[in-house]
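Shown next, in structure tokens, is the structure this report addresses.
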Amino acid sequence: MDNEVILKATHKGVLNIADKKLSCAVLEDGTRIISIAAVFRAFGRTKRGRLKDEVRVADMPDLPSFIDANNLVPFINDELKEFLKPVSYMNGKKVFQGYRAQIIPLMCNVYLEARDQKKLTKQQEPIAIVSDILVRSLAKIGILALIDEATGYQDVRERNELQKILKAYISEELLPWTKRFPDEFYKEIFRLNGWAYDPGSISRPGIIGKWTNQLVYEQLPSGVLEELKQVNPPNEKGNRKNRHHQHLSLDIGNSHLEKQLVSVITLMNVSGSWGRFMTLFRKKYGGQQEFDFEDN
């Protein structure tokens, strides 16, 4: 189209996957691109693209030759049709064409589904094997991350994504104080540690503040707790003027906080000791990560 806006490639690189080297790029709007030649290469096709005995779909002339065999068409969904449209982009002073990167896993699905339903020709079976290898190496989102790493775009992405997360989670205005941590949260901590719990007292061991960060705030997206510490610093006595949750957005930040509290309290409810709770918590949230808990 005459009015088509051709974006520039801000990052470019070579994606190494399944023993194949695929040229890739990131455009100025964040679109991740695989070159047309790289798509053919990924599936072991020549630029001509068509295998022996493959019959081209006569009424769908716009399909690229690596996917226009009659027996494959029933497996092409609407999502893949969108990704089969080439994207023009500027690389230096030249215009190139490629496909949005999600085309790779979507193409794999076509060949694997056709294989599962025994619709492949003998000549197409090796491509199904290649698809199996590719799909094990990546997922629809994974391909974007791999390209970001190959092009160096990941550093830009991480900064941008962090800003988006902080904007969603951190409120620009201080929320009025509302009780967000239910008494049961503290009651369970006392029970699991064998401490006497007085519901009328607000005095608690200092370690509970650290545990609260590890159990709740650190389980929010990475960077949120650090930002809370910045916007809500301690005074000269070590006390903070506000509660951290007063700086969280009501719809996203505090909503996530409440869900995390429910999850933690549930694990506490089914635990008979602090050590058992720690085991369950690590299993759910930490994997091999070590938490700074004190096992009393």
Among the residues of the stretch 110-123, are any within 20 Å of Ile36 (Cβ to Cβ), touching a Phe, Trp or Tyr at 6+ places or on another chain (Cβ under 7 Å) and at pLDDT 90 or above?
yes
Suppose we filter the stretch 128-143 for residues that are at pLDDT 75 or above and open to solvent by 30 Å² or more (accessible area, probe 1.4 Å); how many remain?
6
Could you list, ordered by first residue, the pairs with Cβ atoms under 7 Å in which the first is in the stretch 78-94 and farther than 13 Å from Pro64 by Cα and open to solvent by 60 Å² or more (accessible area, probe 1.4 Å) and the second is of a type in the set (A, V, I, L, M, F, W, C) and modelled with pLDDT of 90 or more, at least 6 apart or interchain?
Glu79/Leu106
Ala150: passes all of (1) open to solvent by less than 50 Å² (accessible area, probe 1.4 Å); (2) out of contact with any Gly (no Cβ under 9 Å at 6 or more places or on another chain) but (2)
Criterion: open to solvent by 80 Å² or more (accessible area, probe 1.4 Å), in contact with a Leu (Cβ under 8 Å, 6 or more places away or on another chain) and of a type in the set (Asp, Glu) - qualifying residue of Glu172, Glu226, Glu218
Glu218
In this structure, does Arg180 turn out to be open to solvent by 30 Å² or more (accessible area, probe 1.4 Å) and either touching a residue at least 12 places away in the same chain (Cβ under 8 Å) or within 22 Å of Ser65 (Cα to Cα) (or both)?
yes
Checking Glu113, Glu125 in turn, the sole residue that is assigned to a helix (DSSP H, G or I), surrounded by fewer than 15 Cβ atoms within 10 Å (Cβ to Cβ) and among the charged types (D, E, K, R) turns out to be Glu125
Of everything in the stretch 100-110 that's out of contact with any Cys (no Cβ under 8 Å at 6 or more places or on another chain) and under 12 Å from Leu84 (Cα atoms), which residue is most open to solvent (accessible area, probe 1.4 Å)?
Arg100
Mind checking which pairs have a first residue in the stretch 189-204 that is farther than 20 Å from Trp274 by Cα and open to solvent by 90 Å² or more (accessible area, probe 1.4 Å) and a second that is part of a helix (DSSP H, G or I) and among the hydrophobic types (A, V, I, L, M, F, W, C), Cβ under 6 Å, 6 or more apart or different chains?
none
If we keep only residues of the stretch 254-275 that are among the hydrophobic types (A, V, I, L, M, F, W, C) and in contact (Cβ under 8 Å) with a residue 60 or more places away in the chain, then the residue surrounded by the fewest Cβ atoms within 10 Å (Cβ to Cβ) is Ile265
Per the list (1) within 26 Å of Lys164 (Cα to Cα); (2) at pLDDT below 90, residue check on Glu218 breaks on (2)
Taking the stretch 156-187 and keeping residues over 18 Å from His256 (Cβ atoms) and within 15 Å of the chain's Cα centre (by Cα) leaves Arg157, Glu158, Arg159, Asn160
Determine whether the stretch 53-64 contains at least one residue that is modelled with pLDDT under 90, in contact with a Ser or Thr (Cβ under 9 Å, 6 or more places away or on another chain), open to solvent by 70 Å² or more (accessible area, probe 1.4 Å) and of a type in the set (Asp, Glu).
yes
Confirm whether Phe181 is at pLDDT 90 or above, among the aromatic types (Phe, Trp, Tyr) and part of a loop (DSSP other than H, G, I, E, B).
yes
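The values are calculated or read from the model by the stated rules, or taken from the named source; none is laboratory data. Values in this document were obtained by computation on a predicted structure and should not be read as measured data. Cβ coordinates were reconstructed from backbone atoms using ideal geometry, including for glycine residues, and neighbour counts include every protein chain displayed. Heads up: the accessible areas ignore ligands, DNA and RNA and are worked out on the full protein's heavy atoms, side chains in. Shrake-Rupley method; radii C 1.70, N 1.55, O 1.52, S 1.80 Å.
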